[in-house]
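What follows is calculated from the coordinates using simple rules that are stated; it is not laboratory data. The shown structure was predicted, so the numbers you read here are calculated from the model rather than taken from an experiment. When we count neighbours, we look across all protein chains shown, and the Cβ atoms used for this are built from the backbone with ideal geometry, even at glycine.
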Amino acid sequence: MIQDIAPHKYHLEYSLKEPGDRDIILVYKRNMVLIREGDELQLPYKKELEQALKLTEEAAYVFLFSIDETGFYLLESGFEPDPLPGYVFLSPMFLRTSRPLMLSYAAATGYHLSTWYRNNVYCGRCGHKLIHDPKERMQRCPDCNNVVYPRINPSVIIGVRDRIKDRLLVTQYNPNHISDPNQPNARREQARRPGNHYALVAGYIEIGESGEMCVEREVFEEVGLKVKNIRYYASQPWAFSSSFLVGYICDLDGDDTLHIQEDELSRAVWKTREEMEDRSADYSLTSAIMEAFRKGEI
Ligand SMILES: [Zn+2]
């Protein structure tokens, strides 16, 4: 999965510091990430940045994290919007399959952080401009002392199995179902992509719910099924929707007739192991669950 970058190690200890020449600068414009054009994913080092973009005097950096000895910084402001030749802004969804994995993970994680910084410029309580806290990853209001920590949306991804007929339930999202038009909606992009057609039942955990309660509710809402034997499978940070995904496996309880919630899903079908597509190139938890079923591991 996208976070499985060993032997590289992710370090998130926070500090206010400036980038060196061999640190990598992450640049995001609206919902897109700046990359160097080429077959493999390449991100600009600080010393290369002026070949990638025209910087202005206001260029300001925020330290995000390190991987091994390399720092990753966000270019928060102070650049012209059009990249120079050889560089391009792309939707970050391609990071689901780009290589090397370590840079895909870094660019995705930076995307989550940049989204949070972009959405938290002003205090939601009093409207004053927020400042970066010097000690931890937090935005602080100098006027009313409101504090804003990074936002992570907990969600569930659900592998529903029919043990009697040895099938897994897969879904296709309705491309018109847009929960947050300011984000590159993974469901919408999945629905429009020619390959990787299928997803799993999934949804955000609501206030007052456990993961297991959310599994029962989402499966019933999206496809009208009852489930049992709900158990944890794996988890994953999923930057594209600012989420933390918790994967569950569960079993169909009773009737296998699907009643699809049409505003969210366009299709849901039961698939046998032989009918599953090969999803091994995709770094998502959804694909990890599908692959585990295809290979007979669950
Ligand atoms: Zn305030």
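Could you run the Karplus curve 6.51 cos²θ - 1.76 cosθ + 1.60 with θ = phi - 60° over region 136-149 and give me ³J(HN,Hα) per residue in whole Hz, x for Gly and Pro?
9, 6, 6, 9, 10, 8, x, 8, 10, 6, 4, 10, 10, 8
Amide H of Q42: which non-local residues (sequence gap of 5 or more, or other chain) have their own amide H closer than 5 Å, using H built in the peptide plane?
Residues meeting the amide H criterion: R36.
Return R161, R267 ranked ascending by Cβ neighbour count within 10 Å, so the fewest neighbours appear first.
Ascending Cβ contact count within 10 Å gives the list R267, R161.
Starting at 0 and stepping by 10 Å, how many percent of the alpha carbon pairs of the chain end up in each bin?
Values per bin, smallest distances first: 6, 25, 31, 22, 12, 3, 0.
Helix 211-223 against the longest principal axis of the chain: what's the angle in degrees, Cα atoms only, rounded to the nearest 10?
The two axes meet at around 70 degrees.
For the Cα atoms of the chain, what angle does the longest principal axis make with the long axis of helix 101-119, in degrees from 0 to 90, nearest 10?
70 degrees
Can you list the HN-Hα couplings for region 34-43, worked out from phi with the Karplus curve (6.51, -1.76, 1.60; θ = phi - 60°), rounded to whole Hz and with x for Gly and Pro?
3J(HN,Hα) across region 34-43, in whole Hz: 7, 9, 7, 5, x, 6, 9, 5, 10, 10.
Quick query: amide H of E76 versus all other amide H atoms, modeled in the peptide plane; which residues come in under 5 Å with a sequence gap of 5 or more or a different chain?
Those qualifying (amide H under 5 Å, at least 5 residues apart or on another chain) are A60, Y61, V62.
Less than 14 Å apart at the alpha-carbon level, and either on another chain or at least 8 residues along: which aspartates and glutamates does that give for K129?
The qualifying aspartates and glutamates are D143.
For a quick check of your reading of the filter: which trypsin sites (Lys or Arg not before Pro) in region 19-53 sit in a DSSP loop and have no more than 11 other Cβ atoms within 10 Å?
Within region 19-53, the qualifying trypsin sites (Lys or Arg not before Pro) (loop, at most 11 other Cβ atoms within 10 Å) are R22, R30.
Nearest 500 deg cm²/dmol is fine: what mean residue ellipticity at 222 nm does the chain get from its DSSP H runs of n ≥ 4 alone, each adding -39,500 (n - 2.57), divided by its residue count?
So the calculated ellipticity at 222 nm is -5500 deg cm²/dmol.
In terms of Cα to Cα distance under 14 Å, which aspartates and glutamates are near enough to K17, apart from those fewer than 8 places away along the same chain?
In chain and number order, the partners are E76, D133, E136.
Quick query: amide H of G159 versus all other amide H atoms, modeled in the peptide plane; which residues come in under 5 Å with a sequence gap of 5 or more or a different chain?
Y248, I249, C250
Can you tell me which aspartates and glutamates have their Cα less than 19 Å from the Cα of K165? Leave out same-chain residues fewer than eight positions away.
By straight Cα distance, K165 reaches D251, D253, D255, D256, E274, E275, E277, E291, E297.
With springs only between Cα atoms under 10 Å, which of V215, V269, V33 fluctuates most in a Gaussian network model of the chain?
So, out of V215, V269, V33, the one fluctuating most is V269.
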